[in-house]
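Presented below is the structure to which this report refers.
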Amino acid sequence: MQDKPIGIFDSGLGGLTAVKEIVKMMPNEDIVYFGDTRRAPYGDKNREIITKYTIQILSFLKQHNIKFALAACGTISSVVEFSDLQFDIPIIGVLTSACTAALSKTQNKRIGVIATPATIKSGAYKNKILSLMPGATVYQQACPMFAPLIESGFVLSDRNLILKYAEKYLSPFKNLNIDTLVLGCTHYSIIKDIIQMVLGEKIYLIDSGKESAKFIFGQLRDRRLLSEKKSPGECRLFVSNDKHRFLETANDFLKKDVSENTHVVNIDSWS
Ligand code: DGL
């Protein structure tokens with residue numbers, strides 16, 4: 001059981017921020033990753049559609065004999081009720097670990113959340129933070145263009161365009177005296193440097209991918225599911241669209257050429 005892979009999924013590139021940290025923290029774990037690049041972004045879709053996509057992805061990952069599933073996507077984590085899916089493999093999202101990390105970092109209890117429109121509309125991050133720290137003040141901002149720009153390769157081709165959107169989305173935070181900002185979409189960690197530059201060094205950024213890696217380590221350890229292999233783990237990546245665009249950004253972000261390990265899958269054939 002311990003040596004089965006961890007299944008990680010997202011609408012596209014964002015979940016790689018969790019993959020990168022998991023490989024660093026647990027180098028012997030095998031990983032099967034799925035990025036739904038053909039149907040991304042998820043952030044403009046409704047709960048019903050996102051739930052349907054999640055069920056298809058979990059069926060696909062289950063075929064790979066995974067021991068644990070991580071929805072490395074703030075949108076899925078916010079709108080899908082995992083307990084309703086009746087999936088017989090443990091599944092967690094990125095929401096709780098990111099909110100818990102924000103609470104341990106904030107000094108003044110003033111916290112910002114940026115995420116996709118679907119996540120902000122759900123109020124899931126805000127509600128979670130307030131349930132854990134009722135005295136907190138939470139400011140939310142949807143950033144609808146970030147994930148599509150990242151998926152379309154603008155991190156490499158036109159960072160200035162991303163910077164322009166970052167200024168537009170983040171400027172309201174400058175007068176709100178927040179000390180912590182939750183990157184409530186895993187894609188945003190890929191442009192963390194731009195976000196930090198716009199907001200300045202004083203605001204602490206919570207990286208959902210990184211926090212979920214720490215959380216999943218604890219979960220695997222507590223359930224005695226950590227791999228006992230001594231050799232480096234294998235990471236297999238699957239996408240639902242032509243892989244070349246995905247690979248341009250993925251190889252750059254992971255600082256590794258993963259072309260050989262990346263495959264295309266027809267996700268519509270799963271249910
Ligand atoms: N990476 C995802 C998230 O964390 C999804 C972004 C999108 O597809 O809109 O919310």
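The values are calculated or read from the model by the stated rules, or taken from the named source; none is laboratory data. The structure presented is a predicted model; accordingly, all values stated were derived computationally and were not measured. Here the Cβ positions follow ideal geometry from the backbone for every residue, glycine too, while neighbour counts run over all protein chains shown. In case anyone asks, the SASA skips ligands and DNA or RNA and just uses the protein heavy atoms, side chains included. Shrake-Rupley method; radii C 1.70, N 1.55, O 1.52, S 1.80 Å.
Some notes on this structure:
- Think of each Lys and Arg Cβ as +1 and each Asp and Glu Cβ as -1; about the Cα centre, that makes the dipole of segment 160-224 roughly 220 debye.
- The H on the amide N of Leu205, modeled in the peptide plane, is under 5 Å from the matching H of Leu181, each at least 5 residues off or on a different chain.
- If you run the Gaussian network model on the chain, springs between alpha carbon atoms under 10 Å, then out of Gln63, Gln107, Gln141 the most flexible one is Gln63.
- Atom-type composition of the exposed protein surface of the chain places 48 percent of the accessible area on carbon and sulfur (1.4 angstrom probe).
- Between Asp44, Asp193, Asp179, the residue with the greatest mean-square fluctuation in the GNM of the chain (Cα pairs under 10 Å linked by springs) is Asp193.
- Note on segment 101-251: with charges restricted to the Cβ of Lys and Arg (+1) and Asp and Glu (-1), its dipole about the Cα centre is near 460 debye.
- Spread over its residues, the convex hull of the C-alpha atoms of segment 80-213 is 115 Å³ per residue.
- Considering helices alone, the calculated mean residue ellipticity of the chain at 222 nm is -12500 deg cm²/dmol, with DSSP H runs of length four and up weighted by -39500 (n - 2.57) and normalised per residue.
- Overall, the chain carries a charge dipole of about 600 debye about its Cα centre when +1 sits on the Cβ of Lys and Arg and -1 on the Cβ of Asp and Glu, all other atoms neutral.
- Between helix 159-170 and the chain: long-axis angle, C-alpha atoms, 0 to 90°, nearest 10: 60 degrees
- Average accessible surface area per residue within the chain, 1.4 Å rolling probe, Å²: 44 Å²
- The GluC sites (Glu not before Pro) of segment 28-101 meeting both criteria, a DSSP state outside H, G, I, E and B (loop) and at most 11 other C-beta atoms within 10 angstrom of the site's C-beta, are Glu81.
- Ratio Rg/Rh, restricted to segment 140-240 and using Cα atoms, in which Rh is the Kirkwood radius: 1.07
- Cα centroid separation, segment 151-209 to segment 69-126 (Å): 18 Å
- What the Cα atoms of segment 132-199 give is an Rg and a Dmax of 12.8, 43 Å.
- Across the chain, Cα pairs under 8 Å and at least six residues apart give a relative contact order of 29 percent.
- Out-of-range pairs (alpha-carbon distance over 29 Å; input Lys52/Lys121; Lys4/Lys121; Lys62/Lys126; Lys128/Lys168; Lys45/Lys168): Lys4/Lys121; Lys62/Lys126
- Taking Cα atoms only, the orientation of helix 95-105 departs from the longest principal axis of the chain by about 40 degrees.
- Thr51 - accessible surface, heavy atoms, 1.4 Å probe, Å² rounded to 10: 30 Å²
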